[in-house]
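Have a look at the structure below before the remarks.
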Amino acid sequence: MGRLIQADTRATLTEITTHYNRGMQQSICEATTRTTLRRMGYNSRRPHRVPLISTTNRKKRLQFARADQNWTVEDWNNVAWSDESRFLLRHSDGRVRIWRKQNENMYPSCLVTTVQAAGGGVMVWGMFSWHTLGPLVPIGHRLNATAYLSIVSDHVHPFMTTMYPSSDGYF
């Protein structure tokens, strides 16, 4: 039964029981399957939601982390960060459940990727540093390269010159 779970963590209890009973002389019921899985340490849970990251960006993030792994807190105090986020008014709850053990929550087979979805909402761009929050800019249109560069030119330079007058800050 453990091999069935490892092969397909998204299988429903009915599917696991049906698959297990194939080729068996004596079949078991779903309650027995559930009890057995729990005794083995598996529980039905919702998968963690993580952003969909391409292989190229995953490699770039790892390269960034390795290059700066020896930075001190003082070094990181001089960094200003920015990000854009979409806040949905309604969201679709695709309630997927998986079978996993307690310490398997971040295994790739136990994750469900998320992408920005339509459904009405607001998109904002903002920046922050160790010292303070920066501007929060509502975006009322599609954020393409031109729009992003416009936001950066209007907001990043003033923030950086105010927060890091000796030009020791990083964006």
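So, in the stretch 146-162, of the ones that are of a type in the set (S, T, N, Q) and under 29 Å from the mean Cα position of the chain (by Cα), which residue ends up nearest to Gly134 (Cα to Cα)?
Initial filter on the stretch 146-162 (of a type in the set (S, T, N, Q)): 146, 150, 153, 161-162.
With the extra rule that they be under 29 Å from the mean Cα position of the chain (by Cα), the set shrinks to 146, 150, 153.
Values: Thr146: 21, Ser150: 16, Ser153: 14 Å.
The residue in question is Ser153.
Across the stretch 7-20, what is the total count of residues that are touching a residue at least 12 places away in the same chain (Cβ under 8 Å), out of contact with any Phe, Trp or Tyr (no Cβ under 7 Å at 6 or more places or on another chain) and more than 17 Å from Ala31 (Cβ to Cβ)?
1
Checking Leu111 against (1) within 20 Å of Leu52 (Cα to Cα); (2) touching a Lys or Arg at 6+ places or on another chain (Cβ under 9 Å); (3) at pLDDT 85 or above, which single condition isn't satisfied?
(3)
Between a first residue in the stretch 140-169 that is under 18 Å from Arg86 (Cβ atoms) and a second residue that is not in a helix (DSSP H, G or I), which pairs have beta carbons less than 6 Å apart while being 6 or more apart in sequence or on different chains?
Every condition considered, the pairs that remain are Ile151/Trp125; Ile151/Val137.
Quick one: in the stretch 25-50, which of the residues that are open to solvent by less than 100 Å² (accessible area, probe 1.4 Å) and among the polar types (S, T, N, Q) is nearest to Thr12 (Cα to Cα)? It would help to see each step written out before you state the result.
Of the residues in the stretch 25-50, the ones open to solvent by less than 100 Å² (accessible area, probe 1.4 Å) are 27-37, 40-45, 47-48, 50.
Remaining after also requiring among the polar types (S, T, N, Q): 27, 32-33, 35-36, 43-44.
Working: Ser27: 17, Thr32: 14, Thr33: 11, Thr35: 14, Thr36: 14, Asn43: 12, Ser44: 9 Å.
Across the stretch 25-50, the extreme among qualifying residues is Ser44.
For the stretch 121-139, give me each residue that is under 22 Å from Tyr170 (Cα atoms), in contact (Cβ under 8 Å) with a residue 40 or more places away in the chain and part of a strand (DSSP E or B).
In the first step, residues of the stretch 121-139 are kept if they are under 22 Å from Tyr170 (Cα atoms); the result is 124-137.
With the extra rule that they be in contact (Cβ under 8 Å) with a residue 40 or more places away in the chain, the set shrinks to 124-131, 134.
Residues satisfying the conditions are Val124, Trp125, Gly126, Met127, Phe128, Ser129, Gly134.
Could you tell me how many of the residues in the stretch 145-171 are open to solvent by less than 80 Å² (accessible area, probe 1.4 Å) and either modelled with pLDDT under 90 or outside any loop (DSSP other than H, G, I, E, B) (or both)? Steps first, please.
Keep residues of the stretch 145-171 that are open to solvent by less than 80 Å² (accessible area, probe 1.4 Å), which gives 145, 147-148, 150-153, 155-156, 158-161, 163-164, 168-169.
Narrowing further to those that are either modelled with pLDDT under 90 or outside any loop (DSSP other than H, G, I, E, B) (or both): 145, 147-148, 150-153, 155-156, 158-161, 163.
Number of matching residues: 14.
Could you go through the stretch 51-60 and let me know if any residue there is among the β-branched types (Val, Ile, Thr), under 30 Å from Trp125 (Cβ atoms) and either surrounded by 11 or more Cβ atoms within 10 Å (Cβ to Cβ) or in contact (Cβ under 8 Å) with a residue 24 or more places away in the chain (or both). Step through it out loud before you land on a result.
Kept after step one, since they are among the β-branched types (Val, Ile, Thr), are these residues of the stretch 51-60: 53, 55-56.
Okay, now just the ones that are also under 30 Å from Trp125 (Cβ atoms), so 53, 55-56.
Narrowing the set further to residues that are either surrounded by 11 or more Cβ atoms within 10 Å (Cβ to Cβ) or in contact (Cβ under 8 Å) with a residue 24 or more places away in the chain (or both) leaves 53.
Yes, the stretch 51-60 contains at least one residue that is among the β-branched types (Val, Ile, Thr), under 30 Å from Trp125 (Cβ atoms) and either surrounded by 11 or more Cβ atoms within 10 Å (Cβ to Cβ) or in contact (Cβ under 8 Å) with a residue 24 or more places away in the chain (or both).
Among the strands (runs of 3 or more DSSP E) confined wholly to the stretch 1-106, which include 2 or more residues that are polar (S, T, N, Q)?
Values: elements: 42-45, 48-51, 80-88, 98-101.
It comes to 42-45, 80-88.
Any idea which of Ser92, Ser85 is at pLDDT 85 or above and more than 15 Å from Phe159 (Cβ to Cβ)?
Ser85
Tell me which residues, restricted to the stretch 3-46, are among the small types (Gly, Ala, Ser), farther than 15 Å from Ser109 by Cβ and within 30 Å of the chain's Cα centre (by Cα).
Gly41
Could you grab me the full set of residues in the stretch 23-57 that are more than 18 Å from Gln102 (Cβ to Cβ) and in contact with a Phe, Trp or Tyr (Cβ under 6 Å, 6 or more places away or on another chain)? Spell out how you get there, then give the answer.
Step one: filter the stretch 23-57 for residues more than 18 Å from Gln102 (Cβ to Cβ), giving 23-33, 49-57.
The answer is none; no residue qualifies.
The values are calculated or read from the model by the stated rules, or taken from the named source; none is laboratory data. Please read these numbers as outputs of a predicted model, since none were measured by experiment. All Cβ positions, glycine included, derive from the backbone under ideal geometry; neighbour counts span all protein chains shown. All accessible areas refer to the heavy atoms of the entire protein, side chains included, with ligands and DNA or RNA removed. Shrake-Rupley method; radii C 1.70, N 1.55, O 1.52, S 1.80 Å.
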